[in-house]
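Below is one structure, written out as structure tokens, with a few remarks after it.
What follows is calculated from the coordinates using simple rules that are stated; it is not laboratory data. Since we're looking at a predicted model, the values are computed, not measured. Quick reminder, even Gly has a Cβ in these numbers, built from the backbone with ideal geometry, and neighbours come from all protein chains shown.
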Amino acid sequence: MGLRGLVLKNIIVILAVLLGSCTSSWQAPLETRSGGKRIGEPSPKAYESANVMPNSDSYQVQRGDTLYAISWRTNTDFKELAEWNEIDAPYVIYSGQELRLTPPKKVAKTQAIQRSSNTRSSTSISVKPKPRKPVDLDKVSVGNPRWLWPSKGRVISTFNARDPQRKGLKISSKEGSDIVATEAGRVVYAGSGLVGYGRLIIIKHNDNYLSAYGHNKALLVEQGQAITKGQIIAQMGRINDAQAGLHFEIRRNGRPVDPIKLLPR
């Protein structure tokens, strides 16, 4: 091989080495597309499930919590939750307070003793009347509620007791349309601290019934405010990015019930 051929061969070898080193240091960019959803953003179902309290016997009160909001998240009657934690009306709680989410043993034992005592006293000749409790100024005096529809629109999702995502109705209408109180009562929660409900209003109608109005664009009432039947309390917001709507629930003794069975036809 001549000198010219040797030089050409060396040049080819050097080029091959350089190309190999460059290729080994290059990697394809990572796929970062997420189908239009931000990376790490929870799905809508994640928001709904986050609204359920963790499986625990206790809960530490956070800023903005109310007893009614906590009972709502745990599907617990607010009266029972207050009794378990020895909280009297108007049910004031404070940030950092530890609340029981299950009845203490002494309550269960006391209830059993009371049932036994009531059975024995029913056969006695006379029973001393129990002293009347002091009047609760926060108590709402609505007897048997006669419900109104909270909004005009189309029902796009109905109640299903077996589906935790369908505790009430979803009513679709124009964004910004009026939301009204279905019955007279008092606002016991107004805010956005319950994950999965957006801007939420909870109204207490009596010791048995509460109603809730979620995903509002604007809240027009405040916590503690007395409300009349049919009063405008909010403006409709969006259930999701694509659809305006209202999430509406009625609860009896802490348990969701089918609003269709209570609302007028």
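At-a-glance table
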| read-out | value |
| --- | --- |
| Prolate/oblate/rounded label for region 208-261 (Cα gyration tensor, a/c 1.5) | oblate |
| Label-point separation in nm, Asn240 to Trp149, each point 7 Å along Cα→Cβ | 2.4 |
| Ranked by how many other beta carbons lie within 10 Å on average, peptides 154-165, 173-184 from highest | 173-184, 154-165 |
| Neighbourhood charge, 12 Å Cβ-Cβ cut-off, centred on Thr76 and excluding it, Lys, Arg +1 and Asp, Glu -1 | +2 |
| Violating pairs (Cα-Cα greater than 25 angstrom) within the set Lys167/Lys229; Lys152/Lys217; Lys79/Lys174; Lys105/Lys261 | Lys79/Lys174; Lys105/Lys261 |
| Packing-based order for 86-92, 71-77, 245-251, using average beta carbon neighbours within 10 Å, highest first | 245-251, 71-77, 86-92 |
| Enclosed volume per residue, in Å³, of the convex hull spanned by Cα atoms of region 154-261 | 98 |
| Residue-span extension gain [Ala218 to Asn160] - 0.36 nm each, minus C-alpha spacing | 18.1 nm |
